Amino acid sequence: MPISIIIGAQWGDEGKGRVVDWLASSADIVARYAGGDNAGHTVALEGEVYKLHLLPSGVLHDQVISVMGNGMVINPVNLVREIKALRAMGIEITPQNLIISSRAHIITPAHIALDAATESALGDAKIGTTLRGIGPAYLDKSGRAGIRTGDMLLDVEVFAERLISAIEATQDSLRQQGMEALDARAAAMSYLEAVDFLRGFIQDASIYLHEALTDGARVVCEGAQGTLLDIDHGSYPFVTSSSPTAGGALTGLGVGPLRVDRVLGVAKAFSTRVGGGPMPTELEGEVAKRLRGSGENFWDEFGTTTGRPRRCGWLDGVMLRYATMVNGFSELMLTKMDILSGFDELKLATAYEIDGLRSDHPPVTNEQLERATALYETLPGWTEDISGCRTFAQLPTAAQHYVQRVSALCGVPINMISVGPERDQLVQR
Ligand code: IMP
């Protein structure tokens, strides 16, 4: 610390919420910097399972101030619902421990309708978005037509008129895509109660962070989604519309790079992806089923936000090395290592073959990536239950070897390995 950035090193769902929750116990501030309620962070704590979509995972810690940064897109109605649900579970959330940046953007009902319309117009080529209005909201942001959270501090009638105009501005696009136009006034009115509720939480979060850092605060930046879904560095256009990478943490919170002393990449010990787009190590059949789980447990590979079964495959070392490069990870953490117990052997992709040529990096175009065949190294598996291991030496030799091989492939240390869903099921080196 002072700033640790936690980043998904794959296609999201790496278990970041859980890592952030763990690091939050020695932090003063946990700040989210990108995305919106497309994210789903699951934290298991003392028998309760908390599913967070918008709130930083720090809300589960009494001493932590949570910050929602300017890089986020926020649906006010869904945020209020999440706050109230957590309050009902006994978690205190007030303007004293939650700060919402005045510069984040608001997801409107029109953005949600447009997300669905665009996906349906794409047919088989759809991105497979979470349908939360994320892409259209960022489109309005970069098109300089968005409404910001700070606008919620305006006179309510002025805000309502602004929202109505923003919704009206999208009606033509909706009609062109064969969707019914929205009742702009009714849609805007449905937001006003939430706007009123949230007003007291809004301030300039970047100034808040700057002052807190100057006073010695330790800040954990909580990434959503993952590097391979990054608008620049992911497999465009099968990406989200924000920057979940290290650079995104800085712009998404308004803090400078010299404050950062740790960039922790979180990767699952195998690969998963939801939505469309290339995935070179994707598997069908029994192995995929085993990696995915039955769906009975909250840690099985089904989307927290959409419930969709995730595509599963062996760990893609090519993508992991790439994620390490674009983020400058100082270290990696491997999650869900326990799921790999019981396989006779494990495969790890270390390169691709594309059109007869070997490549150590992801190719330039998606078309090439679709044609890529993963070249695997085969490593020995282990049969032992590792969920009770807490030190590296307690792991079976084959599991130690797997971790060491991934670490060598990416050129960074792996100091934390999760071996089960509970807070303490963690191997530390
Ligand atoms: P959007 O962010 O809803 O626009 O979706 C764009 C792509 O990112 C789709 O493939 C989604 O499945 C994926 N995506 C968005 N958020 C998450 C997440 O939190 N975990 C995993 N995939 C996500």
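Please indicate, with yes or no, whether at least one residue in segment 23-42 is hydrophobic (A, V, I, L, M, F, W, C), in a loop (DSSP other than H, G, I, E, B), within 16 Å of the ligand (Cβ to nearest atom) and crowded, with 24+ Cβ neighbours inside 10 Å. Yes, segment 23-42 contains a residue that is hydrophobic (A, V, I, L, M, F, W, C), in a loop (DSSP other than H, G, I, E, B), within 16 Å of the ligand (Cβ to nearest atom) and crowded, with 24+ Cβ neighbours inside 10 Å.
A Cβ distance below 6 Å, combined with a sequence gap of six or more or placement on separate chains, defines the contacts here; from segment 292-304, residues that are in contact (Cβ under 8 Å) with a residue 12 or more places away in the chain reach residues that are charged (D, E, K, R) and open to solvent by 60 Å² or more (accessible area, probe 1.4 Å) in the pairs Thr304/Lys51. When Thr281 is tested against the conditions (1) within 28 Å of Asp124 (Cα to Cα); (2) of a type in the set (Ser, Thr, Tyr); (3) within 16 Å of the chain's Cα centre (by Cα), the lone failure is (3). Listed by first and then second residue, the pairs with beta-carbon distance under 8 Å, at least 6 apart or on different chains, first residue in segment 122-147 and of a type in the set (S, T, N, Q), second not in a loop (DSSP other than H, G, I, E, B), are Thr129/Asp115; Thr129/Glu119; Thr129/Gly135. For segment 74-95, the condition holds for at least one residue, the condition being that it is open to solvent by less than 10 Å² (accessible area, probe 1.4 Å), touching a strand residue (DSSP E or B) at 6+ places or on another chain (Cβ under 8 Å) and within 13 Å of the ligand (Cβ to nearest atom). Annotation: Val287 fulfils all but one of (1) open to solvent by less than 40 Å² (accessible area, probe 1.4 Å); (2) free of Cβ contacts under 8 Å to residues at least 60 places away in the same chain; (3) aliphatic (A, V, I, L, M); the unmet one is (1).
Has segment 23-38 got any residue that is under 24 Å from Tyr208 (Cα atoms), modelled with pLDDT under 90 and either under 17 Å from the mean Cα position of the chain (by Cα) or aliphatic (A, V, I, L, M) (or both)? Looking for residues that are under 24 Å from Tyr208 (Cα atoms), modelled with pLDDT under 90 and either under 17 Å from the mean Cα position of the chain (by Cα) or aliphatic (A, V, I, L, M) (or both), one finds none in segment 23-38, hence no.
In segment 9-21 there is no residue that is within 16 Å of the ligand (Cβ to nearest atom), open to solvent by 30 Å² or more (accessible area, probe 1.4 Å) and either without any contact (Cβ under 8 Å) to a residue 12 or more places away in the chain or among the polar types (S, T, N, Q) (or both).
Residues of segment 252-310 that are under 22 Å from Leu320 (Cβ atoms), part of a helix (DSSP H, G or I) and more than 15 Å from the ligand (Cβ to nearest atom): Val287, Ala288, Arg290, Leu291. Restricted to segment 144-217, the set of helices (runs of 4 or more DSSP H) holding at least 3 residues that are at pLDDT 95 or above comprises 156-168, 184-198, 205-214. Does segment 187-198 contain any residue that is farther than 22 Å from Val30 by Cα, of a type in the set (Asp, Glu) and loosely packed, with under 13 Cβ neighbours inside 10 Å? Yes, because at least one residue in segment 187-198 is farther than 22 Å from Val30 by Cα, of a type in the set (Asp, Glu) and loosely packed, with under 13 Cβ neighbours inside 10 Å. Taking Leu55, is it among the aliphatic types (A, V, I, L, M), open to solvent by less than 20 Å² (accessible area, probe 1.4 Å) and not in a loop (DSSP other than H, G, I, E, B)? No: the conditions fail for Leu55. Which residue, of Val195, Val219, Val158, Val239, is among the hydrophobic types (A, V, I, L, M, F, W, C) and within 16 Å of the ligand (Cβ to nearest atom)? From the options Val195, Val219, Val158, Val239, the qualifying one is Val239.
Kindly provide the set of residues from segment 306-349 that are crowded, with 18+ Cβ neighbours inside 10 Å and polar (S, T, N, Q), ordered by number. Residues satisfying the conditions are Thr324, Asn327, Thr335. Taking first residues from segment 374-395 that are in contact (Cβ under 8 Å) with a residue 40 or more places away in the chain and partners that are assigned to a helix (DSSP H, G or I) and charged (D, E, K, R), the Cβ contacts under 6 Å between residues at least 6 apart in sequence or on separate chains come to Ile386/Asp338; Ser387/Asp338.
Checked against (1) more than 30 Å from Gln96 (Cβ to Cβ); (2) surrounded by fewer than 23 Cβ atoms within 10 Å (Cβ to Cβ), Asp215 passes all but condition (1). Scanning segment 59-87 for residues that are under 18 Å from Tyr138 (Cα atoms), out of contact with any Phe, Trp or Tyr (no Cβ under 6 Å at 6 or more places or on another chain), of a type outside the set (Val, Ile, Thr) and not in a helix (DSSP H, G or I) yields Met68, Asn70, Met72, Asn75.
Taking the stated definitions as given, is Asp385 open to solvent by 70 Å² or more (accessible area, probe 1.4 Å) and on the phi < 0 side of the Ramachandran plot? So Asp385 fits the description; yes.
Within segment 113-129, the set of residues being surrounded by 18 or more Cβ atoms within 10 Å (Cβ to Cβ) and either of a type in the set (Lys, Arg) or more than 13 Å from the ligand (Cβ to nearest atom) (or both) comprises Ala113, Ala117. Here Thr365 meets the list (1) open to solvent by 30 Å² or more (accessible area, probe 1.4 Å); (2) modelled with pLDDT of 95 or more almost entirely, failing just condition (2).
The values are calculated or read from the model by the stated rules, or taken from the named source; none is laboratory data. Since this is a predicted model, take the numbers as computed values, not measurements. Using ideal geometry, Cβ is built from the backbone for each residue, glycine included, and neighbour counts are taken over all protein chains shown. Heads up: the accessible areas ignore ligands, DNA and RNA and are worked out on the full protein's heavy atoms, side chains in. Shrake-Rupley method; radii C 1.70, N 1.55, O 1.52, S 1.80 Å.
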